[in-house]
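Participant: Please find one structure pasted underneath; my questions will follow.
Each reported figure results from applying straightforward, stated rules to the coordinates on display, with no laboratory input. Treat the numbers as computed from the prediction; the structure is a model and nothing was measured. Neighbour counts are summed over all protein chains in view; Cβ atoms, including those assigned to glycine, are modelled from backbone coordinates with ideal geometry.
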Amino acid sequence: MLKLNKQKGESMQIEVRNLSFAYTQRLILNNISFSLDQGDFLTLVGKNGTGKSTLIKCLIKILKVPEGTIFFEGIDINVLKLLQNIGYVPQKVEFSYEFPITPSEILSSAYLKGKDDYYTKIINTLGINPFYRDNVNNLSGGQFQKVMIARALLNQPKLLILDEPTVGIDNESIQSLYEILENLKEQKVTIIISTHDTEFSKNLSDYYLELNEVGDYRIYK
Ligand SMILES: Nc1ncnc2c1ncn2[C@@H]1O[C@H](COP(=O)(O)OP(=O)(O)O)[C@@H](O)[C@H]1O
Ligand SMILES: [Mg+2]
């Protein structure tokens, strides 16, 4: 949860302390602070361009943040060489493969243990078999999304971050995504999603963090 009165010695899975971020002059994130415990579900909301993806990219080190602003399990992410146990599903529009590659290739290279039970279970649960050997560039939005979710889950994440996961996918896929997230939440995976679909996240969310145009934010339940 987003505890403002942290008790001494209590372990926090994620802590953001006074994070500000600007690409150029304009501040996108203005002095943001929050923390999440293992198993919390946070939904990022705010109009397009308010910085949801930017905040996510700071958390997964795609963007560089100052020392002392983001901590995972008490460790400054700047000193972490590798982000372990983190799954990331990028916003669809921001991601494409420039060359022909199949879900089979993407997923097997993301999981070095081979086709064990865990691997097979993820492929089956997400219904990836029908397009397992197709070129990813020919997949529908929902199919591609499922591949990205499978890839993230193969990391056995303690933290799963999804950037606008319901955009451009059909209702049936949204429903199966919902069930997957519900299940992961029960298993105490920490989840951060950005979405405009607050109906989707209503029953999953423990907290909302709303960003606005001037870089400010508010947190609510
Ligand atoms: N790489 C970049 N360089 C400069 N400005 C950027 C870059 N990426 C995003 N922005 C700007 O930062 C603001 C926040 O973008 P973004 O985090 O993508 O918002 P959201 O995900 O909420 O739609 C927007 O004004 C966007 O144009
Ligand atoms: Mg975005």
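Participant: Run lengths n ≥ 4 of DSSP H only: what is the helix-derived mean residue ellipticity at 222 nm for the chain, with -39500 (n - 2.57) per run over all residues, to the nearest 500?
Facilitator: The per-residue figure over the chain is -7500 deg cm²/dmol.
Participant: Taking every DSSP beta bridge that has both residues in the chain, what percent is antiparallel when rounded to the nearest 5?
Facilitator: 45
Participant: Please check: in the Gaussian network model of the chain (C-alpha springs, under 10 Å), which one of 97, 111, 208 has the largest mean-square fluctuation.
Facilitator: Sorting by GNM fluctuation, first place goes to 97.
Participant: Turning to a different aspect of this structure: Do me a favour and compute the ellipsoid semi-axes for region 10-81 from its Cα gyration tensor, root of five times each eigenvalue, largest one first, whole Å.
Facilitator: 20, 15, 10
Participant: Work out how far the C-alpha atoms of the chain reach from end to end along every principal axis, then list the three figures in whole Å, largest first.
Facilitator: On the principal axes, the chain reaches 47, 36, 34 Å in Cα extent.
Participant: Averaging sequence separations of C-alpha pairs under 8 Å and six or more residues apart, then dividing by the length of the chain, give the relative contact order as a whole percent.
Facilitator: Normalised by residue count, the contact order of the chain is 31 percent.
Participant: Further, regarding this structure: Want the number for residue 62 to residue 206: 0.36 nm per residue separation, take away the alpha-carbon distance, what's left?
Facilitator: Here the segment from residue 62 to residue 206 would lengthen by 49.3 nm.
Participant: Ok, one more. Applying 1/(1 + (r/R0)^6) with R0 = 30 Å to the Cβ-Cβ distance of residue 84 and residue 24, what FRET efficiency is obtained, to the nearest 0.05?
Facilitator: With a Förster radius of 30 Å, E is 0.40.
Participant: Give the Cα extents of region 129-221 along the principal axes, in whole Å, largest first.
Facilitator: The Cα atoms of region 129-221 stretch 44, 31, 22 Å along their principal axes.
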